[in-house]
Amino acid sequence: MRVTPGARNEAVAIEGETVSVRVAAPPADGAANEAVLRLLAAALDRPRRDLTLLRGANARIKLIAIATS
């Protein structure tokens with residue numbers, strides 16, 4: 001997943017084989033990471049607690065785990 005923090009509009013899009021996420025939150029103190037997880041959870045109609053950031057806390061490319069029920 002490729003993340004763009006500090007965007008004007010928040011959006012989740014699939015571009016080829018890449019999921020692109022744009023969030024308004026700045027990339028400071030984990031705010032953008034939390035915004036990405038909340039936005040992705042809403043897009044997938046899943047609770048936020050089902051998503052975990054596995055890799056990329058300080059990078060634009062992130063790996064997210066989605067718990068199965």
Exercise. Provide the three semi-axes, in whole Å and in decreasing order, of the ellipsoid equivalent to the chain as defined by the square roots of 5 times the Cα gyration tensor eigenvalues.
Key: 17, 14, 12
Exercise. Could you tell me which GluC sites (Glu not before Pro) in the chain are loop residues by DSSP with no more than 10 other beta carbons within 10 angstrom of their beta carbon?
Key: E17
Practice problem: Tell me the trypsin sites (Lys or Arg not before Pro) within the stretch 1-52 that lie in a loop according to DSSP and have at most 13 other beta-carbon atoms within 10 Å. | Solution: R8
Practice problem: For T4, enumerate residues with amide H under 5 Å from its amide H, sequence gap 5+ or separate chain, H modeled in the peptide plane. | Solution: V21, R22, V23
Quiz item: Say we join alpha carbon atoms closer than 10 Å with springs in a Gaussian network model of the chain; which of A28, A11, A41 then has the biggest fluctuation?
Solution: A28
Self-check item: Net dipole in debye of the stretch 24-69 [+1 Lys, Arg Cβ; -1 Asp, Glu Cβ; about Cα centre; nearest 20]
Solution: 100 debye
Practice problem: Any chance you could run the full-extension gain for A31 through R8? It's 0.36 nm times the residue separation minus the Cα-Cα distance, nm to one decimal. | Solution: 6.8 nm
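Each value in this text was obtained by applying a stated rule to the coordinates, not by laboratory testing. The structure presented is a predicted model; accordingly, all values stated were derived computationally and were not measured. Quick reminder, even Gly has a Cβ in these numbers, built from the backbone with ideal geometry, and neighbours come from all protein chains shown.
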